[in-house]
Amino acid sequence: MQMHSGKGDGGEEDLAPDGATSEEPKGTEEGVSPAGEEESDAEAEEAAAAAAEEAAEAKRGPGPGEDLTDEEIQRQIAALLFASPAPIPEARLRSLLQRPRLPRIKDALTKLGSTLEDAGLPLQVRSLRGGWTLMTSPDSAQVVSRLTKGSGIERISGAALETLSIVAYRQPVTKADVEAVRGVQAGPILRSLVDRGLIRVTGRADVPGNPLEYGTTSEFLDRFGLGSLEELPRDAELARD
């Protein structure tokens, strides 16, 4: 599996395989610095602020945007999704459009996706990281990848992908939890995944020693094209594949 990154020197780098060794910073647990915990707190605060904004917006009645036609709402949403560098939550879309009723926002998103598909354009409206964004369709991957040619390809090893899967499906998990499943030492790979922003420290387990607990990040959702963790494939889906 390949994970594309806009940064790099044109080379390829594998995440630390089993048995990799590296010096761990003194005074930190499992090689994860206190800064990692601070970043986790910041991300949690950002998510809480977004949830509070959404709740507050939902309580506000219709505004001038309610006078927009359905076509105007759809066109303006398309412009906003195209211009935004990050996914836009529905509450934020409603605010930017001066508060038409939320069901009209949802309906416009659905119709915009259908319009793009019917027009044969290589674009999709996708739910990603709690918001909505425009993405190129999978059949355009080959030509789009030429844009990043030479910018570096970040490869994730099988061992790292397995570790990432354990964290994604069982979070929050400790280093010991991961090692119990995989049967090998997990410190170097966990550290690599933290460094690449795919997992983060979410807290400490309420067990002797209070080991660090890990969970996935919004960057993980972005990289794998997921709107939320609920979109992870389940046992039945994997069995069909």
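The values are calculated or read from the model by the stated rules, or taken from the named source; none is laboratory data. Just so it is clear, the model here is predicted, and its values are computed rather than measured. Reconstructed Cβ throughout: ideal geometry from the backbone, glycine too, with neighbour counts over all protein chains shown.
Collect the residues in the range 127-178 that are more than 21 Å from the chain's Cα centre (by Cα), at pLDDT below 90 and part of a helix (DSSP H, G or I), keeping them in residue-number order. 142, 146, 147, listed by residue number.
A single entry from 120, 113 fulfils the requirement of being free of Cβ contacts under 8 Å to residues at least 40 places away in the same chain and assigned to a loop (DSSP other than H, G, I, E, B): 120.
Within the range 58-68, identify whether any single residue is surrounded by fewer than 17 Cβ atoms within 10 Å (Cβ to Cβ), closer than 30 Å to residue 211 by Cα and modelled with pLDDT under 95, and answer yes or no. Walk me through it before giving the result.
Here is the first cut: in the range 58-68, the ones surrounded by fewer than 17 Cβ atoms within 10 Å (Cβ to Cβ) are 58-64, 66-67.
Subset that is closer than 30 Å to residue 211 by Cα: none.
Scanning the range 58-68 turns up no residue that is surrounded by fewer than 17 Cβ atoms within 10 Å (Cβ to Cβ), closer than 30 Å to residue 211 by Cα and modelled with pLDDT under 95.
Of the residues making up the range 29-48, at least one is at pLDDT 55 or above and outside any helix (DSSP H, G or I).
When you look at residue 177, is it charged (D, E, K, R), touching a helix residue (DSSP H, G or I) at 6+ places or on another chain (Cβ under 9 Å) and free of Cβ contacts under 8 Å to residues at least 24 places away in the same chain, yes or no?
Values: charged (D, E, K, R): yes; touching a helix residue (DSSP H, G or I) at 6+ places or on another chain (Cβ under 9 Å): yes; free of Cβ contacts under 8 Å to residues at least 24 places away in the same chain: yes.
Answer is yes for this residue.
Quick check on my filter: what residues within the range 92-144 are small (Gly, Ala, Ser) and farther than 28 Å from residue 217 by Cα? Matches in the range 92-144: 108, 114, 119, 120.
Among the numbered conditions (1) farther than 23 Å from residue 234 by Cα; (2) touching a residue at least 40 places away in the same chain (Cβ under 8 Å), the only one that residue 205 does not meet is (2).
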